[in-house]
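One structure below.
The values are calculated or read from the model by the stated rules, or taken from the named source; none is laboratory data. What you see is a predicted model, and the numbers here were worked out from it, not measured in a lab. Ideal geometry is used to build each Cβ from the backbone, glycine not excepted, and the neighbour counts take in all protein chains shown. Surface accessibility is based on the protein's heavy atoms, side chains included, excluding ligands, DNA and RNA. Shrake-Rupley method; radii C 1.70, N 1.55, O 1.52, S 1.80 Å.
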Amino acid sequence: MIFRKTLLFSLFVTLVSICFVSNGQTLQDFQNIKVDNLSDAQVEQLIKRMEAAGMDEQQMFNLAAERGMPASELLKLRQRIGRLRSGGITTQYPKSERGRLRQVQGMEGPAYLFDSLRKADPYYDLSPKEKMIFGYKLFHNRNLDFSPSLNVPTPQNYTVGAGDQLLIDIYGASQQSYDVTVNPDGKIFIPNVGPIQVGGATIGAVISRIKSALTRIYAGLSGSNPNTFIELRLGNIRTVTISLVGELVSPGTYTLPSFASPFNALFAAGGPNENGSFRHIQIYRDSRLLQEVDVYEFLMKGEFTSPITLKDNDVIIVPPVRNRVEIQGPVRREGLYEMKPGENIDDLISFTGGFSSKAYSERVTLTRKTGTEMRIEDVDAADFDTFSPQDGDLIRVGEILDRFANRVQISGAVLRPGTFALSDGMGIRELVEKAQGIREDAFSNRATIYRTQADFSLDFLPVDIKKILSGEVDDVPLEREDVLYIPSIYDLREEYYVKISGEVNRPGAFPFGDNMTVADLVVKAGGFKESATSSRVEIARRVKDDISGKLAEIILLDVDRDLRILGTRAQEPLMPFDHVIIRRSPGFQREQLVKVEGETYYPGEFAIAHADERISNLVKRSGGLTPYAYSKGATLIRRNEYFDELTEDQITEKNLVHVKNEISRDSLKMTESGRNLSSRITRKIEDRDTVLAEEEFSIDANELRQQAIIELGKSRDDIGKIQVKDTELIGINLEAILSNPNGPEDLILKEGDILSIPRELQTVRMRGEVLYPTSARYRSTSGFRDYISRAGGFTEKSRRGRSYVVYANGDVQRTKKFLFINDYPSIEPGAEIIVPAKPDREGISPQAWIGIATSLATLALLINNLTRQ
């Protein structure tokens, strides 16, 4: 195990060294490793080597932590690897195609050496300053690489070197193929021909040399009329070693395909860093300057400075930036730009993509460092082509003014309100014509012009639109930024409506209309309910100009079910803000249900037939008592005022929902009448939902009382939490009720009452402060004390004189006293004996005893003094 761990650590050190040493970081001190200094290409290389060695990520992280790598850096490395894995795309080819592709000798995988894993944000790891440098993102875009295309036709100007694979095909009168590789001496060996020097020659020169050598065995290759031909193809290509130094993100020595260009090498090294030049990149070959690359040529024109191909031992140097300026403001691309000698502000603006639509392009402001202080210069547009920025200059582009030179506006009661151009001599009449005239509801006697004065104060100018448009008065000339407002007649009055409440399907407020009648309003409200009376419709009308104390004018009307208004005021229309009230019919009663449970022949729900129906009537309707009924234990459960009863609208909605569900389950849904019925019910349910939502804000007196009781319990520590019940148990004497129907014991029924008649009971229950709370069989000869004895007797904390009995019918009897003798209640089947506990009493503390003694001593002294006198 130790050997394996040591082996894995050695492998980890090898893997990390591949990526870290090039950044100048020392592996001897793992605490100095900085993950932020790694490029994505290096992290990707670490992942590939780790997977090839059979090591998983957790092993690598554990070993690094043991060797002192900070936890923060481990976390960064884990996040970097996770992001690369989640956003990665690997280029794959069909197996049939892999053998046909040109590859790079000594490099694994297909020819995509620079296949960086793509990410949603290709610039996530750049600092704000790096993002501002023009051209910096080019080499950090994970969706872009400069991988050289290896599968292009063999370029004739390609220089052959050691490691290149040459494929020679002889065809015609003779057929032969040769697959040869250039050796380190630059030679190839062809059987029966011998070595041929090809290193350092172009493809065209190599073809001539090979053809000349093969003529010795293929005579048909030469002559004026050859019958044998030769074709040379470049197979797998070699790699070249390129050194990149200077101001680069990851300077070092890189192995690249021999097709690689300077851009391929720069991309592999991460491109210039924030201090590097993008316009003076130097390429040296054989210690001589071969070419200077300007990245801006590619960015602006899509052109390379020179399409050269790198060779072994070429050196690319990125010098520090010489002249960088910053431009801010409304241009297409703000940022930092590198300027060459002789370039001017026009060139800088072209680099930014030009001015945006908000830019003030007639002048820019330049901030320059003079060596001793800062200096501001204004550069006019006429000097853009002659003024050359210097290193460190900051150019600010201003914005156009947020104002209009010729704007007027019109709003209010016109057909096309909006903004219009102010022309010379334009007045109100022309502006209204541009807005296609005023609306019919315009209040034309008075409009207002809002005018901005020279000091930006606001001036109000009233005008008579009607007279101006008719020509009765002179037109008013408009000025820049004038706003003409023409009010509507409805803007100058309260919005009219009428209201209906009571026994209609959709009570509420509705828009008022001229000549609107009560019948029209009832139709808008969905018609009468079944509970409505049409013989007494009341209209409450607002009172105006009456100081006698009258609050409303009351109008009574009769409306039949066909919505015909009767009476002397039948044709009188409604007035704005009228409130129509539809009363409930005195003879309408919704069914009220009660329930019988237990020992009757027909238990269940029963509708109350009469307002004075009593318990004896209910027992009779349920078939009477069975032989097993225990009438003494009968109880009545009744809702109290705190019971949350459903309103009539809620009950109706519940029934409609049930009807709709039945239609959907029944074959009735297939018929046209069934679909129409379902649609009507849906609309009525939606209407009732609106009504119920409005009723939620209504005030209920019972709810207020219940809330007051609960709040009292919360505010008083001696009371505690109060639980308000919404049903109560009422003790009744069913034997007396049945023997004397309609007597004083026979209660009148109410909706929701439940009459519970139990089967014959045979036990008595003991609870509270007894030694063994239990239930015992009822004996007619046993009394209160006998049942207490069966429970083991009273406890020391029992309060015997407060004991009480709860009978099966809900009645309660307490213990009475006669000359200090407890008179306990009698016991019946189903009774429950409750023995309460004595209240806890705190003993008198020593301080209290001292206070009492002091008070008594003081009292004794006072009495003694009084008696001596």
Starting from the range 446-470, take each residue that is free of Cβ contacts under 8 Å to residues at least 24 places away in the same chain and over 20 Å from ILE489 (Cβ atoms) and list its partners that are surrounded by 13 or more Cβ atoms within 10 Å (Cβ to Cβ) and of a type in the set (A, V, I, L, M), counting only C-beta distances under 9 angstrom and pairs at least six apart or across chains. ASP459/ILE449; PHE460/ILE449; LEU461/ILE449; LEU461/VAL476
If you take the residues in the range 776-826 that are on the phi > 0 side of the Ramachandran plot, without any contact (Cβ under 8 Å) to a residue 24 or more places away in the chain and not hydrophobic (A, V, I, L, M, F, W, C), which one is least open to solvent (accessible area, probe 1.4 Å)? GLY793
Determine if the range 275-291 includes at least one residue that is more than 28 Å from ASN151 (Cα to Cα), free of Cβ contacts under 8 Å to residues at least 24 places away in the same chain and either of a type in the set (Gly, Ala, Ser) or touching a His at 6+ places or on another chain (Cβ under 7 Å) (or both). yes
Of everything in the range 399-410, what is outside any loop (DSSP other than H, G, I, E, B) and under 38 Å from the mean Cα position of the chain (by Cα)? Give them in sequence order. GLU399
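Only one of these is without any contact (Cβ under 8 Å) to a residue 40 or more places away in the chain and within 52 Å of the chain's Cα centre (by Cα): ALA609, ALA525. Name it.
Numbers: ALA609 fails: within 52 Å of the chain's Cα centre (by Cα).
When all the criteria are applied, what remains is ALA525.
Conditions (1) among the aliphatic types (A, V, I, L, M); (2) closer than 17 Å to PRO389 by Cβ; (3) open to solvent by 70 Å² or more (accessible area, probe 1.4 Å), marked per residue:
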position	(1), (2), (3)
TYR296	no, yes, no
THR309	no, no, no
VAL315	yes, no, no
ASN323	no, yes, no
PHE351	no, yes, no
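Please verify whether the range 267-275 includes one or more residues that are part of a strand (DSSP E or B), touching a strand residue (DSSP E or B) at 6+ places or on another chain (Cβ under 8 Å) and open to solvent by less than 10 Å² (accessible area, probe 1.4 Å).
Yes: one or more hits.
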Of the residues PHE510, PHE443, which is touching a Lys or Arg at 6+ places or on another chain (Cβ under 8 Å), within 30 Å of MET575 (Cβ to Cβ) and aromatic (Phe, Trp, Tyr)? PHE510
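Which of the residues that make up the range 748-778 are in a loop (DSSP other than H, G, I, E, B) and under 60 Å from the mean Cα position of the chain (by Cα)? Steps first, answer last, please.
Initial filter on the range 748-778 (in a loop (DSSP other than H, G, I, E, B)): 749-753, 758, 760-762, 769, 771-774, 778.
Hits for the range 748-778 are LEU749, LYS750, GLU751, GLY752, ASP753, PRO758, GLU769, PRO773, THR774.
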Yes or no: the range 386-398 includes at least one residue that is exposed (fewer than 11 other Cβ atoms within 10 Å of the Cβ), within 30 Å of GLU297 (Cβ to Cβ) and touching a residue at least 24 places away in the same chain (Cβ under 8 Å). yes
Residue hits (the range 827-869; in a helix (DSSP H, G or I), open to solvent by 80 Å² or more (accessible area, probe 1.4 Å) and of a type outside the set (S, T, N, Q)) are PRO846, TRP849, ILE850, LEU856, LEU859, LEU861, LEU862, ILE863, LEU866, ARG868
Subset of the range 246-266 [open to solvent by 50 Å² or more (accessible area, probe 1.4 Å) and more than 25 Å from LEU336 (Cβ to Cβ)]: THR253, THR255
Enumerate the strands (runs of 3 or more DSSP E) found wholly within the range 173-238, keeping only those where 1 or more residues are open to solvent by less than 60 Å² (accessible area, probe 1.4 Å), out of contact with any Cys (no Cβ under 6 Å at 6 or more places or on another chain) and among the polar types (S, T, N, Q). 228-234
Does the range 464-496 hold any residues that are open to solvent by 90 Å² or more (accessible area, probe 1.4 Å) and under 27 Å from HIS579 (Cβ atoms), and which are they? TYR490, ASP491, LEU492, ARG493, GLU494, GLU495
